[in-house]
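*Asks:* Below is a structure I'd like to ask you about.
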Amino acid sequence: MSDDASKVTRRIAVLVSGSGSNLQALMDAIESHELSNVEIALVVSNKANAVGLQRALTHKIPALYLPWSWTRQEVEAKLAAVFALFQIDLIVLAGWMRIFTPDFIASYPNRMLNLHPALLPDDGQGNTFTTSNGSVVPVLRGLHVVKRALEAGVKVTGSTVHYVTPEVDAGPMICRAEVLIEDNDTEETLHERIKQVEHKLIVEAIKIVGEGRKI
Ligand code: GRF
């Protein structure tokens, strides 16, 4: 068996709710062979007009709009069936704006990753984070964290890729990057700079969790 044949191709599902620029970064990294032995096998959105769906279709990747119009358990049952059908190994939440039940999360141990636009601790726990320059900043979980970083008056924020656990934005860190806040930053300018960093970070996360390694 050749080396390549012995490697396992990881089949990833990327879940989006909006622009999907991080999905784009992953698709580009696969097409340029920066990421190997990885395939985006499915893209799912809970929003019909998510640009991410169109990005997937442009790259000939199956894309599914799954309206959130049933109970959470019903939507999760449909998602689980689709993941099984597409033989998904790894689930990447990249701008996905819905919360899953603990039972659903527990069915994918160490197989569900989330990208969060703020700094989270190594073990996901605690309410403060010490940045590389020694400043202590609050840990921001949940929604609107870019705006909340500005409101908190901190000088450093960033982004974290972490494993999803039932507690929101509190799972073990996979990789993280800091972003300096500039005096004249608005939520939009800061989020744009965070996204530039995230486009590399999400690729790094997939390398860390194991290109071609069976999970
Ligand atoms: C990213 O900033 C991510 O951290 C957050 O939502 C944003 C998604 O951006 N969870 P995009 O849809 O990938 O452009």
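*Asks:* Of the candidates 187, 151, 204, which one comes out as most mobile in a Gaussian network treatment of the chain with C-alpha springs shorter than 10 Å?
*Replies:* Most flexible of the set in this elastic network: 151.
*Asks:* Continuing with this model, one more query. Between 132, 21, 36, where does the largest GNM mean-square fluctuation fall for the chain, given springs only between Cα atoms within less than 10 Å?
*Replies:* For the chain, modelled as a Gaussian network with Cα springs under 10 Å, the answer is 132.
*Asks:* Angle between the Cα long axis of helix 72-85 and the longest principal axis of the chain, 0 to 90 degrees, nearest 10?
*Replies:* For 72-85 against the chain, the angle is about 50 degrees.
*Asks:* Show me the chymotrypsin sites (Phe, Trp or Tyr not before Pro) within the range 39-128 that DSSP assigns to loop and that have at most 13 other Cβ atoms within 10 Å of their Cβ.
*Replies:* Taking the range 39-128 and a limit of 13 other Cβ atoms within 10 Å, the loop chymotrypsin sites (Phe, Trp or Tyr not before Pro) found are 68, 70.
*Asks:* Taking only DSSP H segments of four or more residues, each worth -39500 (n - 2.57), what value at 222 nm results for the chain once the sum is divided by all its residues, to the nearest 500 deg cm²/dmol?
*Replies:* That calculation yields -10500 deg cm²/dmol at 222 nm.
*Asks:* Right, something else. Label residue 85 and residue 144 with points 7 Å out from Cα along Cα→Cβ: what is the distance between them in nm?
*Replies:* With each label point 7 Å from Cα toward Cβ, the separation is 3.8 nm.
*Asks:* Once amide H atoms are placed 1.01 Å from N in the peptide plane, what residues at a sequence separation of 5 or more from residue 129, or on another chain, have their amide H within under 5 Å of its amide H?
*Replies:* Here 137, 139 satisfy the definition.
*Asks:* Under 8 Å for C-alpha pairs, at least 6 residues apart: give me the relative contact order for the chain, rounded to a whole percent.
*Replies:* 22
*Asks:* On to the next question. Return the long-range amide H neighbours of residue 112 (sequence gap of 5 or more, or a different chain), with a cut-off of under 5 Å between placed amide H atoms.
*Replies:* 91, 164
*Asks:* Around residue 65, under 14 Å between beta carbons, what's the net of Lys plus Arg minus Asp minus Glu among the other residues?
*Replies:* Within the 14 Å Cβ shell, the charges total +4.
*Asks:* List the residues whose amide H sits under 5 Å from the amide H of residue 170, counting only those 5 or more places along or on another chain, with H placed 1.01 Å from N in the peptide plane.
*Replies:* The list, which skips near neighbours in sequence, is 165.
*Asks:* Starting from the range 135-215, pick out the trypsin sites (Lys or Arg not before Pro) whose DSSP state is loop and whose Cβ has at most 12 other Cβ atoms within 10 Å.
*Replies:* Hits after loop and neighbour filter: 213, 214.
*Asks:* Could you run the Karplus curve 6.51 cos²θ - 1.76 cosθ + 1.60 with θ = phi - 60° over the range 131-148 and give me ³J(HN,Hα) per residue in whole Hz, x for Gly and Pro?
*Replies:* Ordered by residue, 3J(HN,Hα) equals 6, 5, 8, x, 7, 9, 10, x, 7, 10, 10, x, 8, 6, 6, 5, 4, 5 Hz.
*Asks:* So how much slack lies between residue 77 and residue 37, counting 0.36 nm per residue of separation and subtracting their Cα-Cα distance, in nm?
*Replies:* Here the answer is 11.6 nm.
*Asks:* Which residue, 152, 29, 13, tops the fluctuation ranking in a GNM of the chain built on C-alpha contacts under 10 Å?
*Replies:* Maximum among the listed residues: 152.
*Asks:* Return one whole number: the accessible area per residue of the chain in Å², for a 1.4 Å probe.
*Replies:* 49
*Asks:* Give, in nm to one decimal, the length gained when the segment between residue 57 and residue 98 is fully stretched (0.36 nm per residue of separation minus the Cα-Cα distance).
*Replies:* Extending this stretch completely gives an extra 12.5 nm.
The values are calculated or read from the model by the stated rules, or taken from the named source; none is laboratory data. Bear in mind the structure is a predicted one, so any value in this text is a computation, not a measurement. Please note: Cβ atoms are built from the backbone with ideal geometry, for glycine as well, and neighbour counts cover all protein chains shown. For the accessible areas, the whole protein counts, side chains as well, though only heavy atoms, and no ligand, DNA or RNA atoms are used. Shrake-Rupley method; radii C 1.70, N 1.55, O 1.52, S 1.80 Å.
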